[in-house]
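**Q** One structure is given below, represented as structure tokens, and several questions about it will come after.
The values are calculated or read from the model by the stated rules, or taken from the named source; none is laboratory data. Just so we're clear, the structure is a prediction, and the values are computed from it rather than from any experiment. So basically every Cβ, Gly included, is an ideal-geometry build from the backbone, and we count neighbours across all protein chains shown. Remember, those area values only see protein heavy atoms, side chains included, never the ligands or the DNA or RNA. Shrake-Rupley method; radii C 1.70, N 1.55, O 1.52, S 1.80 Å.
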Amino acid sequence: MSSPCSISQRASVACIWEATARKVGNVHPGASFSDLTYLDFVLSATAMEHVTSSSFGTKVGQAIWLPTFFTQQTVGRNTNLGIILLLAPLAGVNPYSRLQEGLPQVLDGLTVDDAKQAFEAIQMANPGGLGDAPEQDVRSEPTVTLLEAMKLAADRDLIARQYANNYADVFDLGVPAFVDAFAKYGNVEAAVIACQFAWMAAFPDSLIARKRGSAVAEDVQQRVRHVLSLGGLDTPEGRRAGVELDAHLRSDGNKLNPGTTADLVAACLFVALRENKVTPSAPFRWNVPDWL
């Protein structure tokens with residue numbers, strides 16, 4: 001429960017936090033891809049105002065299309081489509097209601113027109129690894145609501161899965177992982193990394209699966225579980241294994257970038273900020289000598 005005027009700020013902060021934290025395999029201030037830099041993600045965070053200003057009281061589809069358009073105008077590439085898809089319904093919840101209580105009504109109210117605008121946004125962003133779908137392919141005209149379209153993709157895409165299960169994984173897995181880690185470490189960055197590991201240990205990353213296949217995505221999942229078995233962020237052995245995992249994920253032209261997980265982390269950060277579980281002024285930097 002937060003004031004309407006603060007929603008936009010918190011969405012932008014969530015995106016900046018997600019991009020700034022030194023997560024394995026992702027872009028951050030010390031690691032770029034050949035076609036993406038940290039600045040691209042920071043600039044893209046400014047598009048989040050169009051998610052929050054368009055969702056509440058209007059159309060979720062518009063809240064997906066507009067920030068995607070402005071992101072393309074600003075950075076000219078896909079940096080945040082998954083985040084936009086996740087945040088648009090969340091931003092549509094009455095700002096004086098709890099997200100988990102108000103979200104089902106937003107999702108149940110999605111229309112075919114929402115699906116049309118979302119499909120147009122996905123085509124505009126042209127995300128990596130986008131293949132053909134057996135039903136309701138995003139390159140065709142939708143004939144079902146956005147919620148129904150997402151349910152059709154829920155078994156192969158973690159973002160679609162959130163629409164289908166009322167964001168149960170966000171509320172029950174991701175947000176508690178972040179909040180508990182923030183209480184433990186006392187800073188946002190370590191909590192973000194812990195949240196990333198929680199997601200990657202629980203689910204193979206959808207973007208890796210689309211680009212490299214399910215077996216490779218499952219191999220990455222097992223590598224994350226190995227990091228956690230060594231103590232994760234709490235031990236020198238766990239941190240060393242995390243650094244080795246980061247090198248592995250970057251070893252083949254960043255094709256093992258866990259991009260869907262990054263989007264889900266951003267959604268968790270937005271929820272934590274929106275529900276006042278953490279403030280934008282919280283300490284950020286994780287000061288350890290043996291991390292990325």
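**Q** Is the range 104-214 rounded, prolate or oblate when judged by the Cα gyration tensor, a ≥ b ≥ c being the square roots of its eigenvalues, rounded requiring a/c under 1.5 and prolate requiring a/b larger than b/c?
**A** prolate
**Q** Leaving out ligands and nucleic acids, and using a 1.4 Å probe, what accessible area per residue does the chain come to in Å²?
**A** Heavy-atom accessible area per residue stands at 41 Å².
**Q** I'd like the orientation of helix 214-229 relative to the chain: the angle between its Cα long axis and the longest Cα principal axis, in ° from 0 to 90, rounded to 10.
**A** The angle comes out at about 50 degrees.
**Q** Measure of size requested: the Rg and Dmax of the range 1-127, with Cα atoms as the atom set and Å as the unit; please supply both.
**A** 14.5, 42
**Q** Under a Cβ-only charge scheme (Lys and Arg +1, Asp and Glu -1), can you give me the dipole magnitude of the range 213-292 about the Cα centre, in debye to the nearest 20?
**A** In debye, rounded to 20, the range 213-292 gives about 200.
**Q** Right, next: Taking the highest mean first, how do the peptides 198-209, 259-270, 138-149, 181-192 order by number of other beta carbon atoms within 10 angstrom per residue?
**A** 259-270, 198-209, 181-192, 138-149
**Q** Going from the alpha-carbon gyration tensor of the range 83-128, what semi-axes, largest first and in whole Å, does one get by taking the root of 5 times each eigenvalue?
**A** 23, 12, 7
**Q** Quickly estimate the mean residue ellipticity at 222 nm for the chain, helices only: each DSSP H run with n ≥ 4 gives -39500 (n - 2.57), and the total goes over all residues, rounded to 500.
**A** About -19000 deg cm²/dmol.
**Q** Specify whether the C-alpha gyration tensor of the range 233-279 places it in the rounded, prolate or oblate class, a ≥ b ≥ c being the square roots of the eigenvalues: rounded for a/c under 1.5, otherwise prolate if a/b is larger than b/c and oblate if not.
**A** Oblate, because a/c is 1.5 or more while a/b does not exceed b/c.
**Q** Starting from the Cα gyration tensor of the range 163-222, take the square roots of the eigenvalues, sort them a ≥ b ≥ c, and report rounded, prolate or oblate (rounded when a/c is under 1.5, otherwise prolate if a/b is larger than b/c, else oblate).
**A** Oblate.
**Q** Using just the alpha carbons, could you tell me how many Å³ per residue the convex hull of the chain encloses?
**A** Convex hull volume per residue, Cα atoms: 109 Å³.
**Q** If you don't mind, there's one more thing I want to ask. My understanding is that a pair violates if its Cα-Cα distance is over 25 Å; which of K23/K211; K116/K277; K255/K277; K151/K277; K184/K211 do that in this structure?
**A** Too far apart for the 25 Å limit: K116/K277; K255/K277; K151/K277; K184/K211.
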